[in-house]
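S.K.: The following block contains the structure, expressed as structure tokens.
The values are calculated or read from the model by the stated rules, or taken from the named source; none is laboratory data. The structure displayed is predicted, hence computed values, not measured ones. A quick note on method: Cβ atoms are made from the backbone with ideal geometry, for glycine too, and the neighbour counts reach across all protein chains shown.
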Amino acid sequence: MKIHEYQAKELLASFSVPVERGVVVRSAEEIGGAMGKLGERARYAVKAQIHSGGRGKGHFSGGLEGGGVQLVSSEKKAVDLARRMLGNRLVTAQNGPDGSLVTAVYIAEVLEPQRQFYLSILIDRAAQRPVVLASRDGGVEIEALAEEHPEKILREHIHPLFGPEAFQARRIAFWLGLKDDVLWEDFQRTLAGIYRIFWEKNASLVEINPLIVTEEGRLCALDAKINFEDNGLPRHEDIRALRDSAQEDEKEVRASEFGLSYIALDGTVGCLTNGAGLAMATMDMLHSYGIRPANFLDLGDNSGVDAIAEAVRILLSDKNARCLLVNIFGGAMRGDLVADGILKALDGKGLSLPLVVRIEGANAELGRKTIAAALPGTVFADDLAAIGYAIKNAYERT
């Protein structure tokens, strides 16, 4: 789960990480009162709040010039800009041609960085422990930096039982050049704070980019990104309350309500599978035939007929889908339940897309017979290779 920048900064501040002063507005009526709380400033940073990186380099679809992060020199300009951002759609390199609707704007004081850094915590799955990433080059795209100049990134693995120890904090701080006593104290507090958020709130990523040294010689988190592990959300009601489903793919939101693991992709084959391993193998098989899947969808082993039916409805609602693929290996997930779920989703109506089905395991024969009787045009396959040929033939018919 992702949260907005202003939410991330509120969480950082609650864990003693220094952030700049700012206010969030969600409607034109809130702007006046919010600006009064912020006070008069020489310059203001006006930031559209969406779940996408690259906001500053993005553009608005509603005719507003400039990107989603702009600096202005007066309160009047900040108010006007915030009003024009609200309700507009911001298009970035990460969120597709339709962009994302701006429902909140963060207005903050502008701090002039004397130096800026990158600092984050995430899981190193190969090492099976948290890792701190730090760089002297803050404000840049860290993925490109890691690929082109890996020597510019310090990686410090953290023992999950002990957290970041004092010698590790000193190593990172000195590598960044933060040897001043005040900056050292600020850094200790910042590292401890982001690690506590990461560990106590089941975050998958806590990122500050950039972490700056201000004109007054203090550290400040000028921008922040925090993502949370979905499986940990039931333990954190306060974090669940930060969810903004309007920023998420509608199909992914619907799937989460039924306990389905669904991720929208940009391909043309809607995939209904059970088990993450089978789902990924199915996607790999499609790619080997030059066909892109429209989604990742794992029913799991405990989905009932209603959840299966909703999964099918979600797949059919994808306008890019040219074919529907069902690839099920039944254990706890019985083949007849899958068939019943498909037919419930169709509600007596025919299927306009070609349907390719492979069902093996528990009650597989019953499931295949039920589908064949109700949907006589269905193509049945025995293995992954047969699925690939069937889908290529289905494409030729469409």
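S.K.: Residue by residue through region 354-398, note down the ones that are more than 21 Å from residue 321 (Cα to Cα), in a helix (DSSP H, G or I) and aliphatic (A, V, I, L, M).
M.R.: 364, 366, 372, 373, 374
S.K.: Among the residues of region 1-19, are any outside any loop (DSSP other than H, G, I, E, B), surrounded by fewer than 20 Cβ atoms within 10 Å (Cβ to Cβ) and in contact with a Phe, Trp or Tyr (Cβ under 7 Å, 6 or more places away or on another chain)?
M.R.: Within region 1-19 (the criterion being outside any loop (DSSP other than H, G, I, E, B), surrounded by fewer than 20 Cβ atoms within 10 Å (Cβ to Cβ) and in contact with a Phe, Trp or Tyr (Cβ under 7 Å, 6 or more places away or on another chain)), the answer is no, since none of the residues qualifies.
S.K.: Keeping to region 68-125, report how many residues are part of a strand (DSSP E or B) and of a type outside the set (D, E, K, R).
M.R.: In the first step, residues of region 68-125 are kept if they are part of a strand (DSSP E or B); the result is 69-72, 89-91, 100-101, 105-109, 115-124.
From the residues that got through so far, the ones that are of a type outside the set (D, E, K, R) too are 69-72, 90-91, 100-101, 105-108, 116-123.
Of the residues in that region, 20 qualify.
S.K.: Given the condition at pLDDT 90 or above, farther than 15 Å from residue 271 by Cα and touching a Lys or Arg at 6+ places or on another chain (Cβ under 8 Å), answer yes or no: does some residue in region 367-380 qualify?
M.R.: Yes.
S.K.: Given the condition assigned by TED's automatic domain parsing to the domain that holds residue 274, assigned to a loop (DSSP other than H, G, I, E, B) and over 21 Å from residue 299 (Cα atoms), answer yes or no: does some residue in region 341-348 qualify?
M.R.: Step one: list which residues in region 341-348 are assigned by TED's automatic domain parsing to the domain that holds residue 274, which gives 341-348.
From what is left, the residues that are assigned to a loop (DSSP other than H, G, I, E, B) are 347-348.
Add one more test, that the residue is over 21 Å from residue 299 (Cα atoms), and what stays is 348.
Within region 341-348, one or more residues are assigned by TED's automatic domain parsing to the domain that holds residue 274, assigned to a loop (DSSP other than H, G, I, E, B) and over 21 Å from residue 299 (Cα atoms).
S.K.: Filter region 42-91 down to the residues that are basic (Lys, Arg) and in contact (Cβ under 8 Å) with a residue 40 or more places away in the chain, then identify the one that is nearest to residue 226 (Cα to Cα).
M.R.: First, pick out the residues of region 42-91 that are basic (Lys, Arg): 43, 47, 55, 57, 76-77, 83-84, 89.
Now drop any that are not in contact (Cβ under 8 Å) with a residue 40 or more places away in the chain, which leaves 43, 47, 83.
Numbers: 43: 26, 47: 17, 83: 26 Å.
Going through the qualifying residues, I end up with 47.
S.K.: Here's something else I'd like to know. Taking the stated definitions as given, is residue 342 under 27 Å from the mean Cα position of the chain (by Cα) and of a type in the set (Val, Ile, Thr)?
M.R.: Working: under 27 Å from the mean Cα position of the chain (by Cα): no; of a type in the set (Val, Ile, Thr): yes.
Criteria not met by residue 342.
S.K.: Condition first: surrounded by fewer than 22 Cβ atoms within 10 Å (Cβ to Cβ) and either touching a residue at least 40 places away in the same chain (Cβ under 8 Å) or touching a Gly at 6+ places or on another chain (Cβ under 9 Å) (or both). Now tell me which residues in region 288-304 satisfy that.
M.R.: 288, 289, 291, 292, 300, 301, 302, 304
S.K.: Of all the residues that make up region 27-54, how many are out of contact with any strand residue (DSSP E or B) (no Cβ under 8 Å at 6 or more places or on another chain) and not in a helix (DSSP H, G or I)?
M.R.: Residues of region 27-54 out of contact with any strand residue (DSSP E or B) (no Cβ under 8 Å at 6 or more places or on another chain): 27-30, 32-33, 36, 39-40, 42, 54.
Narrowing the set further to residues that are not in a helix (DSSP H, G or I) leaves 27, 39-40, 42, 54.
So the count comes out to 5.
S.K.: Could you grab me the full set of residues in region 212-248 that are out of contact with any Pro (no Cβ under 6 Å at 6 or more places or on another chain), under 30 Å from residue 138 (Cα atoms) and in a loop (DSSP other than H, G, I, E, B)?
M.R.: 214, 215, 216, 217, 218, 223, 229, 242, 243, 244, 248
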